[in-house]
Amino acid sequence: MQSDTVVFIGGGNMAGALIGGLLQAGRSAASVRVVEPVAAQRDKLAQQFGITAQPAADATLAGASLVVWAVKPQLFAEAAAPCAAHVGQALQLSVMAGVRSDTLVDATGSDRVVRAMPNTPALIGQGIAGLYARPAVSDAERAEVQALFAPTGQSLWVAREDDLDAVTALSGSGPAYVFYFIEAMVQAGTEMGLDAAQSRQLAQATFAGAAALAMQSPLSPTALREQVTSKGGTTHAAITSLDASGVRAAFVQALHAARTRAQELGRA
């Protein structure tokens, strides 16, 4: 194995997004290896990227410079057991929700651990990942991790590991909230006489356009909302109805619930 090999433990969608970014950035397929027990997924990765995908951990993992943990959190202990003897010298990067860095240290023997909370728009290069590094991680290693995520979208570092629970609530789970509101807009559109395709196109384009405007504008979201909320107009009627139904408070409460669940997963 090359000394700069990156090993992925788990070969799901997020691993695929990161592997694609690595190869696009110029890394050779020969320097990427995946441990994935599902044969169909191994075949898919090998065909798509030309990398080595193997069913189980073995001594060939020794010498890797970076190990990316991309299994479901509840499968981490099972996945880590056969890997620990071979990967302890590597920088450890976790994209698993809720699994604390102490758990990775105990499982791998390495104190050089970075935790990441990406989200699914990473699959199209439009994601954002929250990153936390333990003190043993060097500046060069932090830069290496940030470069790994660059092709998938944005990233930001948080100073405290506990902050990743809030990142999980806001952006990790966040795409589902957007889809939820798009669903509601499509439902309303069809109830008002548009067909489903028209309603979906209008809703999706509105979310995409508004998000792009918010990203590019120097104005706050509040100011942007106020610009399109003329007193007595249609938008004012909608916002007044939302406020009367307690939608903002319920939505904020929902994000707190997501953070609480992330904290519970970390203690499990």
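The values are calculated or read from the model by the stated rules, or taken from the named source; none is laboratory data. The structure displayed is predicted, hence computed values, not measured ones. FYI the Cβ positions are ideal-geometry reconstructions off the backbone, even for glycines, and counts take in every protein chain you see.
Going through 30, 56 one at a time, which residue ends up being farther than 23 Å from residue 78 by Cα and over 24 Å from the mean Cα position of the chain (by Cα)?
Unique residue meeting the criteria: 30.
Pull up region 22-45, narrow it to residues that are assigned to a helix (DSSP H, G or I) and of a type in the set (Gly, Ala, Ser), then point me to the one that is surrounded by the most Cβ atoms within 10 Å (Cβ to Cβ). Step by step, filter region 22-45, then rank; the result is 31. Among all residues of region 224-241, there is at least one that is surrounded by 11 or more Cβ atoms within 10 Å (Cβ to Cβ), assigned to a helix (DSSP H, G or I), of a type outside the set (Val, Ile, Thr) and within 28 Å of the chain's Cα centre (by Cα).
Which ones in region 46-64 are part of a helix (DSSP H, G or I) and in contact with a Lys or Arg (Cβ under 9 Å, 6 or more places away or on another chain)?
Listed by number, the residues that qualify are 60, 61.
The set of residues in region 105-144 that are crowded, with 20+ Cβ neighbours inside 10 Å, in contact (Cβ under 8 Å) with a residue 60 or more places away in the chain and outside any loop (DSSP other than H, G, I, E, B) comprises 122, 127. Right, residue 67: surrounded by 15 or more Cβ atoms within 10 Å (Cβ to Cβ), touching a residue at least 40 places away in the same chain (Cβ under 8 Å), outside any helix (DSSP H, G or I) and more than 14 Å from the chain's Cα centre (by Cα) or not? Against the criterion (surrounded by 15 or more Cβ atoms within 10 Å (Cβ to Cβ), touching a residue at least 40 places away in the same chain (Cβ under 8 Å), outside any helix (DSSP H, G or I) and more than 14 Å from the chain's Cα centre (by Cα)), residue 67 qualifies. Being more than 15 Å from the chain's Cα centre (by Cα), closer than 30 Å to residue 28 by Cα and assigned by TED's automatic domain parsing to the domain that holds residue 119: is that true of residue 143 here? Judged against the criteria, residue 143 is a match.
Scan 49, 8 and give me the residue that is aromatic (Phe, Trp, Tyr) and within 18 Å of residue 112 (Cβ to Cβ). Answer to the selection: 8. Residues considered: 210, 184. Of these, the only one that is of a type outside the set (Val, Ile, Thr), assigned to a helix (DSSP H, G or I), outside the structural domain of residue 128 (by TED's automatic domain parsing) and surrounded by 13 or more Cβ atoms within 10 Å (Cβ to Cβ) is 210.
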